[in-house]
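The values are calculated or read from the model by the stated rules, or taken from the named source; none is laboratory data. On a predicted model such as this, the values are computed, not experimentally measured, just so you know. Glycine gets a Cβ as well: all are built from the backbone with ideal geometry, and neighbour counts include every protein chain shown. We work out accessible area using only protein heavy atoms, side chains counted, and drop any ligands, DNA or RNA first. Shrake-Rupley method; radii C 1.70, N 1.55, O 1.52, S 1.80 Å.
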Amino acid sequence: MTTTKTLPMQVRHQNWMLALRALAGVPTFRPVNESILFCATGPGGIERGMELARVAQEAERDVICGHWVNAKAKRPSSYTVVLRNVLSVDVLSGCTAYMLEEGPLALVSTKEKMTVWVGDRSLLQRGHGVPHHFARGARLAAARIRDAADGRDAELLDGNRFMPMGGEWTASDVPVDAPVRLS
C-alpha cells in the first residue's frame with residue numbers, strides 16, 4: 001500500500017522499531033534468513049494478539065510488535081512476541097525490552113517468566129526466567145532504543161506499509177525491511 005501523507009507517528013514508530021531491531025542484533029537490511037517481522041500497532045489485547053498470530057502464520061515469520069497507547073506516545077507501552085512452533089503459535093504479550101551493559105537486547109515477559117532474544121542464526125530463542133537486575137536492564141534498553149531511534153532520519157522508508165486488521169499479508173521486495181504498521 002502506498003502512503004500519500006506521512007504522519008509524525010509513522011516515522012516515530014518506524015525508527016523506534018528499526019532501533020530495537022538493530023540493538024537486538026538483526027540488521028536493518030533484509031538478511032538472507034529473514035525470520036522476524038517487526039511491526040507497530042495500538043494497545044495490546046486479546047484481539048490484537050490473535051491478529052499478530054495470524055500475521056505470523058501468513059508471513060511465515062516470528063513477530064516482534066511494539067504497542068503505542070495513542071498517536072502522540074513517544075515510545076511503546078509494551079511489546080508482543082509471537083513465536084511459531086511446529087503445531088502452534090505462542091503469543092507473549094506485555095513484554096519489556098531489556099539489555100545488559102554490553103549484551104544484545106532481549107524481550108522479557110514477567111507474566112510468563114520468559115526471556116526472548118535473537119540467536120546467532122537470526123532466529124528468536126527463548127528461555128525460562130526473568131533476568132537479574134530486570135528494572136535496571138529495562139531502563140538501559142529504553143534509553144538505548146530512544147537514543148538510536150532519535151539518531152535516525154525523519155523520513156518514511158520505502159516499503160513501510162499499513163495493514164488493516166484482517167488484511168492480507170503481502171511481502172515487500174525492498175532491500176530495507178521496514179516495519180509494518182497494523183491498525
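Descriptive notes on the structure:
- Scanning the range 97-108 for residues that are surrounded by fewer than 20 Cβ atoms within 10 Å (Cβ to Cβ) and not charged (D, E, K, R) yields Leu100, Gly103, Pro104.
- Conditions (1) outside any helix (DSSP H, G or I); (2) within 15 Å of the chain's Cα centre (by Cα): number failed by Ile145: (1)
- Of the numbered criteria (1) within 21 Å of Leu18 (Cβ to Cβ); (2) of a type outside the set (D, E, K, R); (3) part of a loop (DSSP other than H, G, I, E, B); (4) open to solvent by less than 80 Å² (accessible area, probe 1.4 Å), the one Gly167 fails is (1).
- Enumeration of residues in the range 139-154 that are closer than 19 Å to Phe38 by Cβ and either among the aliphatic types (A, V, I, L, M) or open to solvent by less than 90 Å² (accessible area, probe 1.4 Å) (or both): Ala141, Ala142, Arg144, Ile145, Ala148, Ala149, Gly151, Arg152, Ala154
- Close pairs (8 angstrom Cβ cut-off, 6 or more residues apart or separate chains): at pLDDT 80 or above in the range 154-179, among the basic types (Lys, Arg) anywhere: Met163/Arg181
- Verdict on Pro31 being open to solvent by 10 Å² or more (accessible area, probe 1.4 Å), of a type outside the set (A, V, I, L, M, F, W, C) and modelled with pLDDT under 90: yes
- Residue under evaluation Arg136, criteria (1) at pLDDT 95 or above; (2) under 15 Å from the mean Cα position of the chain (by Cα), criterion not met: (2)
- Single residue of the range 76-95 satisfying the filter (polar (S, T, N, Q) and under 20 Å from Arg139 (Cα atoms)) that is most open to solvent (accessible area, probe 1.4 Å): Ser77
- Complete set of residues in the range 109-138 that are in contact (Cβ under 8 Å) with a residue 60 or more places away in the chain and open to solvent by less than 30 Å² (accessible area, probe 1.4 Å): Val118, Ser122, Leu124
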